[in-house]
1. Quick one: putting +1 on the C-beta of Lys and Arg, -1 on the C-beta of Asp and Glu, what dipole do you get for region 148-242 around its Cα centre, in Debye to the nearest 20?
2. What is the sum of charges around residue 183, taking Lys and Arg as +1, Asp and Glu as -1, for the other residues whose C-beta is under 15 Å from the C-beta of residue 183?
3. Could you give the length gained on full extension between residue 24 and residue 181, defined as 0.36 nm per residue of separation minus the Cα-Cα distance, in nm?
4. What GluC sites (Glu not before Pro) does region 162-242 have in DSSP loop regions with at most 12 other beta carbons within 10 Å?
5. Would you list 180, 23, 241, 140 from the most to the least accessible area, probe 1.4 Å?
6. How far apart, in nm, are the 7 Å Cα→Cβ label points at residue 155 and residue 132?
7. So for region 146-242, what percent of the C-alpha to C-alpha distances run longer than 18 Å?
8. Accessible area per residue of region 175-242 at 1.4 Å probe, in Å²?
Amino acid sequence: MSELQNRRLNIPLSIVLVNASNKTPPKQANKLAQADLQGGGNSENQDATALHRARLGAEARLEVLEKQQKQMLTKLEELRSKSGGRKSDDQAIAPQLNSLEAELAKRLQVNGREPRRKVLTGANTKSVTFAHYFDAMRQKIEAYGSTFFPRANGRPLYGSLVIVVSVDSQGRITSNAQGKDGISIGRSSGNPELDRQALAIVRASAPFGPFPSEMRNQIDVLDWISTFDFTREGNDHLELKH
């Protein structure tokens, strides 16, 4: 009994106060209240005090995650520099790269009601619905990146980076979950010029075509994370790890 009471006392309760009502009940209500209300009190940029405190707590946790991520990135860079771009060594550190992508995916998940989003990384592309679309995106970006391989002063630029792309149901680049640019660097290559040209390659490859109907039924926006490898093995080419 004491455990149950303690649990009740520690469960947060968010209360929304409104000063209006409607005669017609809303078709899709997302709160419970003593009166019907359509649209009153909704704000994308402001929350009730309890929710605001919760958001501040989430931001504090995010700072900790960012510090941990920087430490992970430092280790990954050390491993990559030692590997010298050899495939055998890349396979050894692939699990750590997948871990980084998974962490980035967590950070993209937000408590917004709209639009419906799906975070897709190399670690979770097994679903047939999303795998086909991911593969089509991958082939298009790889083809463009291999044809227009990054160069500076006439010399090719080699390296690896993680890019996050947000795509809407028409295959166009859209805003990310934070309302910012839908293309961003998740992990830099360490070369600003290579980073810049890699982002340009993704922009030039878009749009990627409408979502299949079964995919549209589930999501409105696809947040897609992938590792871009600009490599010299054989001919200069871009390879997306998945």
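The values are calculated or read from the model by the stated rules, or taken from the named source; none is laboratory data. Here the structure is a predicted model, which means the values were calculated and not measured. As a convention, Cβ positions derive from the backbone with ideal geometry for all residues, glycine included, and neighbour counts pool all protein chains shown. SASA here: full protein model, heavy atoms, side chains in, ligands and nucleic acids out. Shrake-Rupley method; radii C 1.70, N 1.55, O 1.52, S 1.80 Å.
1. Working: 10 positive and 11 negative charges, 49 e Å.
So the magnitude is around 240 debye.
2. My count for the surroundings of residue 183 gives +2.
3. Value of the extension gain: 52.7 nm.
4. Taking region 162-242 and a limit of 12 other Cβ atoms within 10 Å, the loop GluC sites (Glu not before Pro) found are 233.
5. Numbers: 180 135, 23 200, 241 65, 140 90 Å².
Descending order: 23, 180, 140, 241.
6. Using points 7 Å along Cα→Cβ, the separation is 4.5 nm.
7. Looking at region 146-242, the distances longer than 18 Å represent 49 percent of pairs.
8. The answer is 45 Å² per residue.
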